[in-house]
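Participant: Starting off with a structure, shown below.
The values are calculated or read from the model by the stated rules, or taken from the named source; none is laboratory data. Model, not experiment: these values are computed from the prediction. Backbone-built Cβ (ideal geometry, glycine too); neighbour counts: all protein chains shown. In case anyone asks, the SASA skips ligands and DNA or RNA and just uses the protein heavy atoms, side chains included. Shrake-Rupley method; radii C 1.70, N 1.55, O 1.52, S 1.80 Å.
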Amino acid sequence: MKNKINLEFIKNRRTQLGISSQEMAESLGFKDGSTYWNYENGKYRIKADMLPNLAKKLDCKITNFF
């Protein structure tokens with residue numbers, strides 16, 4: 001059984017901190033916010049190697065994503 005990433009937590013945390021999707025995209029190495037938006041909204045799957053950067057940017061623990 002795979003652990004499902006809590007996309008709602010990620011989106012809520014990002015908006016709580018006032019971080020734009022463009023800013024998140026850049027911190028993950030994407031060119032534009034729409035690419036990041038696709039991850040945050042479940043169109044693309046968030047990969048395990050993205051989690052440390054996400055946790056750092058969102059000032060939380062990786063375990064918060066599950």
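Participant: Just wondering, is there one or more residues in segment 57-64 that are aliphatic (A, V, I, L, M) and over 11 Å from the mean Cα position of the chain (by Cα)? If you could, list the steps in order and put the result at the bottom.
Facilitator: Within segment 57-64, the first condition is being aliphatic (A, V, I, L, M), and the residues that meet it are 58, 62.
Narrowing the set further to residues that are over 11 Å from the mean Cα position of the chain (by Cα) leaves none.
Checked against the condition, which is being aliphatic (A, V, I, L, M) and over 11 Å from the mean Cα position of the chain (by Cα), segment 57-64 yields no hits at all.
Participant: Return only the number of the condition from (1) outside any helix (DSSP H, G or I); (2) open to solvent by 60 Å² or more (accessible area, probe 1.4 Å) that K56 does not satisfy.
Facilitator: (1)
Participant: Could you count how many residues in segment 4-28 are free of Cβ contacts under 8 Å to residues at least 12 places away in the same chain and loosely packed, with under 14 Cβ neighbours inside 10 Å?
Facilitator: 5
Participant: Related question: For segment 29-53, enumerate the residues that are open to solvent by 60 Å² or more (accessible area, probe 1.4 Å) and acidic (D, E).
Facilitator: Matches in segment 29-53: D32, D49.
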